[in-house]
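Comments concern the structure below.
The values are calculated or read from the model by the stated rules, or taken from the named source; none is laboratory data. Here the structure is a predicted model, which means the values were calculated and not measured. As a convention, Cβ positions derive from the backbone with ideal geometry for all residues, glycine included, and neighbour counts pool all protein chains shown.
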Amino acid sequence: MLYCVIFLTDNTNMKYEINSKRQIIALKSGPWGEVGTIGGYVDSESNLSQYGNCWLYDNACVFGNAKVYGDAKVFGDAKVFGNAKIYGDANVYGDARVSDDVIVSDNAWVYGNARVYNNAKVTGYAKVYGYAKVYGNSHVYGNSHVLADAWVFGNARVSGIMKIKKSYNSPVDIEELSDELVLL
């Protein structure tokens, strides 16, 4: 006896499709807008989850093996690529670049002309902005801000309630020095 199994694709759970220009188009209404809302650019469906409220707006691009999921948002002219992961309620926008094996999660923001790359992490309520660079194995978290032209790299850990405005490279946790440290 021969059995035939037919699989039907159910697109009712899909929130977007990708057009010929590689832009996402909403198939459902949501926080991103109504059905038909055009979003940012992706290489493939693996770049943006069909679940949660995550979305790409404006001219934002997510490509390579990068993934955006949860309720994360990427907008403006931001670029996310490599193996980067943006999730939680994180926001990446402006002309920011997030690449390599970076994680931006929780309620973190990366914006302006900031660059986050290598194996860096930006988590919690941390913000990286201006022309700041965070890279290496650095981790910026808590309510910390890295801004202006500051570079945080190596194995640096920035946490607590801090604002880093100049470059810092140290294997020691800055939090151990002070929760209110401001490097000028």
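Can you find a residue that is at pLDDT 95 or above, among the hydrophobic types (A, V, I, L, M, F, W, C) and assigned by TED's automatic domain parsing to the domain that holds F153 anywhere in region 31-39?
Taking region 31-39 and keeping what is at pLDDT 95 or above, we get 31-39.
Restricting the remaining residues to those that are among the hydrophobic types (A, V, I, L, M, F, W, C) gives 32, 35, 38.
Next, only the ones that are assigned by TED's automatic domain parsing to the domain that holds F153 stay: none.
No, every residue in region 31-39 fails to be at pLDDT 95 or above, among the hydrophobic types (A, V, I, L, M, F, W, C) and assigned by TED's automatic domain parsing to the domain that holds F153.
Only one of G112, G130 is touching a residue at least 12 places away in the same chain (Cβ under 8 Å) and touching a Lys or Arg at 6+ places or on another chain (Cβ under 9 Å). Can you tell me which? Write out each step before concluding.
Numbers: G112 fails: touching a Lys or Arg at 6+ places or on another chain (Cβ under 9 Å).
Exactly one of G112, G130 is touching a residue at least 12 places away in the same chain (Cβ under 8 Å) and touching a Lys or Arg at 6+ places or on another chain (Cβ under 9 Å), namely G130.
Among residues of region 43-60 that are in a helix (DSSP H, G or I) and surrounded by 24 or more Cβ atoms within 10 Å (Cβ to Cβ), those with a Cβ under 6 angstrom from a residue that is modelled with pLDDT of 95 or more and not small (G, A, S), sequence gap 6+ or separate chain, pair up as N47/V62. Each residue in region 116-163 was checked for being at pLDDT below 90 and charged (D, E, K, R), and 3 of them qualify.
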